[in-house]
1. I'd like to verify a number: residues in the range 406-425 that are surrounded by fewer than 24 Cβ atoms within 10 Å (Cβ to Cβ), under 17 Å from Gly134 (Cα atoms) and in contact with a strand residue (DSSP E or B) (Cβ under 6 Å, 6 or more places away or on another chain), how many?
2. I'm told Glu273 meets every condition in (1) touching a residue at least 12 places away in the same chain (Cβ under 8 Å); (2) more than 30 Å from Phe130 (Cβ to Cβ) except one. Can you identify the failing condition by its number?
3. Using the structure shown, decide if Gly118 is surrounded by fewer than 24 Cβ atoms within 10 Å (Cβ to Cβ), at pLDDT 95 or above and in contact with a Gly (Cβ under 6 Å, 6 or more places away or on another chain).
4. Where in the range 374-454 are the strands (runs of 3 or more DSSP E), entirely inside, with at least 3 residues that are closer than 24 Å to Gln361 by Cβ?
5. Being touching a residue at least 60 places away in the same chain (Cβ under 8 Å) and either in a helix (DSSP H, G or I) or over 14 Å from Pro90 (Cα atoms) (or both) is the filter here; which residues of the range 102-115 pass it?
6. Tell me which residues, restricted to the range 268-277, are surrounded by fewer than 17 Cβ atoms within 10 Å (Cβ to Cβ) and either assigned to a helix (DSSP H, G or I) or not acidic (Asp, Glu) (or both).
7. Considering the range 367-397 alone, what residues qualify as being more than 22 Å from the chain's Cα centre (by Cα) and modelled with pLDDT of 95 or more?
8. Between a residue in the range 171-191 that is closer than 13 Å to Val135 by Cα and any residue that is outside any loop (DSSP other than H, G, I, E, B) and of a type in the set (Asp, Glu), which pairs come within a Cβ distance under 7 Å, given they are 6 or more apart or on different chains?
Amino acid sequence: MKTDLCSLSATELLQLYRARKASPVEATRAVLARIEKLNPVLNCFCLVDARTALASARESEARWRKGAPKGALDGVPTSIKDLLLTRGWPTLRGSRTVDPKGPWNDDAPCVARLREHGAVLLGKTNTPEFGWKGVTDSALAGITRNPWNPKMTPGGSSGGSAAAVAAGMGPLTVGTDGGGSIRIPCAFTGLFGLKPSFGRVPAWPLSPFGTVAHVGPMTRTVTDAALMMNVLSLPDARDWHALPHDPRDYRVGLEDGVKGLRIAYSATLGYAEVEKEVAALARKAALRFAELGARVEEADPGFENAGPVFIAHWFAGAAALLRNLGAEQVKLVDPGLRDIARQGARIRTLDYLDAVQKRGQLGVQMNRFHEKYDLLLTPTLPLAAFEAGREVAHVLKEKRWTDWSPFSYPFNLTQQPAASIPCGATRKGLPVGLHIVGARYADALVLRAARAFESMVPIALPDLANLKA
């Protein structure tokens, strides 16, 4: 067992609490000290409430002493992305247009469930304004940096969450994913992240970007993500889109492996450009599944570039988001978000409905694909992390973040479960992610496959010893 409490998984911390070899107060103090040391370098958190966190940890410790933990995550330090409502704390969404005075009387469903299960809530993690792009910086909260190399972006929009967990600032965090916002930063920071099937984790209020947006766990181990899913997936009547509650324990069957599964590997989805080093690492990772007993073959899903369909949904959502802001408020908004909102406002109703129709066709196509294949593997991203503070890696090739994230957003459109798990590092020491996509509602299978891969390729943490901005 590792002795650094900040490097332990939630599962390991809970084992120590149960054995009375460590306490929630000790773990929370260690994590708060790590935040105090490294947050000035990485800028993961926009709000830290040490006093409340320690009070919660003391309450948890008293319960553990009585042998009566409150729930599945009692005493585990956890952070919340600043798009998710959290009672008593401002949820500013990375925007200067949100009044910090509130009132802040509500918890989002995922926050409510974490609180009910005793998680120690540390604070809110940074996001780009309203989570609109795949990197994490905003005029309100500044630039969030990657713990593997602070010159690089951790991705986004859950970049603060990812950087915090990778740097030992709590083993658990909750992210949102409307086009890759869990999987992108997990790929860039070497974490595991799951975008569950749409509706599996209740969400409220509905994202302004609509039914492409999911809520899910971001962790340092697959087992921790399964544990979180047991909590996050509990029902909440406020989500009109939520699936019927599935009372399964996502840890059951997690070690069953992938022997006999039919797995497709698509290096490009048939149209994406991938950097050679990333492509080689992802291909090597896909072949690991054959070593684990799965039947792996190369096969593209067969759909055309889904970018235009996603953009119609995403840009229209941006237009809807800004339409209720006054002229002076709009001036405060990220210029990139203003730009896509302007484009979204020009989308005609019939063109939007055409995109909705094409989204449905894409979903049916993937349903049929999964009649033949249990899982689809791709690179999570076509590149490794690039310079922090920029929306795109190559200004001459890319205009928007959607140009360098072709593997993630198609599966927001189809609402399938999809995960990113680290599969190696570039020569410059930057993590690369493998994308594991399952049929709709096959969340448990995606977790099981990820755990099988993790058993061969354990998730590594960055060297923080000489971390400097």
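1. Number of matching residues: 0.
2. All conditions are met except number (2).
3. Yes; evaluated as a whole, the condition is true for this residue.
4. Result: 375-379, 431-438.
5. Pro109, Cys110, Val111, Ala112, Arg113, Leu114
6. The answer is Thr268, Gly270, Tyr271, Lys276.
7. Listed by number, the residues that qualify are Asn367, Arg368, Phe369, His370, Glu371, Lys372, Tyr373, Asp374.
8. Every condition considered, the pairs that remain are Arg183/Asp177.
The values are calculated or read from the model by the stated rules, or taken from the named source; none is laboratory data. Note that the coordinates shown come from a computational prediction; the quantities given were computed from them, not determined experimentally. Virtual Cβ from ideal backbone geometry, glycine too; neighbours counted across all protein chains shown.
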